[in-house]
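Before any comments, here is the structure.
The values are calculated or read from the model by the stated rules, or taken from the named source; none is laboratory data. Please read these numbers as outputs of a predicted model, since none were measured by experiment. Here the Cβ is made from the backbone with ideal geometry for all residues, glycine too, and neighbour counts use every protein chain on show. Only protein heavy atoms, including side chains, enter the accessible area calculation; ligands, DNA and RNA are left aside. Shrake-Rupley method; radii C 1.70, N 1.55, O 1.52, S 1.80 Å.
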Amino acid sequence: MGTGKKKIEIKKIEKGSARMVTFSKRRQGLFKKARDYAAKTGSQVAILVFSPAGKPFVHGSRSFDDVIERFMVEMGQDGGGGSGGGDVADGPVVERGQDSGGGGGDVAGGGGDIEEFFTVLEERMSRCESVEELMEMRGELEKIRDRVLERIIKQEDDFVASFFS
């Protein structure tokens, strides 16, 4: 007979660098599971995770803020006791698909290209080993933001011009 699954002991990883690598990989896996769960069930998911260094990482199936706002409204209407939207016996699961406190959330369900962009961005960010690499990445993201804003302004101008031609 086979031995089957063996139960392994779950314990804190003592080596700091190994703990951070494990945290990063498991966080990404957790966020991916949350995206899949939201996509398959049509539910809204939010997760908040603090790294061993105390840095917050968030993921939301639409946006973290939207999910949390909905949760707060539901809890406020129910007097803070139960929830009209599901079982909260284990406590709320709060998540945002983003690695820093600086902006939007994960856009699961908002288009595969955007989801893939954020996934690649998160993976690339997790590989940055120095402040310089992060600053370089920040510069690249600012250039992307500027191009997006330029395109939005051009499309708005084209839209307005179409009314006068």
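For H59, which sequence-distant residues (separation of 5 or more, or a different chain) have an amide H within less than 5 Å of its own amide H, given hydrogens modelled in the peptide plane?
So H59 has HN proximity to I47, E95, R96, G97, Q98.
Ranked by accessible surface with a 1.4 Å probe, highest first, in what order do S61, S126 come?
Values: S61 5, S126 50 Å².
Sorted descending by solvent-accessible area, the residues read S126, S61.
Please arrange E115, E9 by accessible surface area, largest first, computed with a 1.4 Å probe and ligands excluded.
Numbers: E115 50, E9 145 Å².
Largest to smallest exposure gives the sequence E9, E115.
To the nearest 10 Å², what's S17's accessible area with a 1.4 Å probe?
Probe radius 1.4 Å; accessible area of S17 about 70 Å².
Determine the sum of side-chain charges near R124: Lys and Arg each +1, Asp and Glu each -1, restricted to other residues whose C-beta is under 10 angstrom from that of R124.
-3
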